[in-house]
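Before any comments, here is the structure.
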Amino acid sequence: MKKNFKETSKSGARGWLLQRISAVTLFVLLILHFITYHFISMGIIKHVDIVEKMKSPWFNLLQFIFLLTAVYHGFNGIWTIVEDYIQMKLIRIGLFSTILIVAFSLFFIGMLTIFKTVNL
């Protein structure tokens, strides 16, 4: 497989490092997510308890950071795979455009969900 490295982003080491950092961050945030959602409760969890928890600015900040990190981690991985295995320039541009549109769409939907819980 012959690859023209001048057409790549030339940020392989930085992307690799950020992927590892986002993976560790996601792991920590996932543990915090499970603790705040599932383990900090008094007996039976009621809808009112969940709504009150979602009104907390710290809870919403945690959800925002979790969303941002998850979207970055997932789509940086897909971006790297496309960059490594797709050599045809037109297909790469189309896939990169699709990746960006889907990533921003999912981030927007996630933000709507977080803001909706703030206004409950």
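The values are calculated or read from the model by the stated rules, or taken from the named source; none is laboratory data. What you are looking at is a predicted structure, and each value in this text was computed from that prediction instead of being measured. Note that each Cβ is placed from the backbone with ideal geometry, even for glycine, and that neighbours are counted across all protein chains shown.
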Would it be correct to say that residue 66 is of a type outside the set (Ser, Thr, Tyr) and farther than 20 Å from residue 29 by Cα? no
Filtered residues of segment 88-120 (kept if in a loop (DSSP other than H, G, I, E, B) and either without any contact (Cβ under 8 Å) to a residue 24 or more places away in the chain or surrounded by 15 or more Cβ atoms within 10 Å (Cβ to Cβ) (or both)): 88, 119
Top-ranked residue of segment 45-87 - restricted to ones that are polar (S, T, N, Q), in a helix (DSSP H, G or I) and farther than 17 Å from residue 111 by Cβ, ranked as modelled with the lowest pLDDT: 80
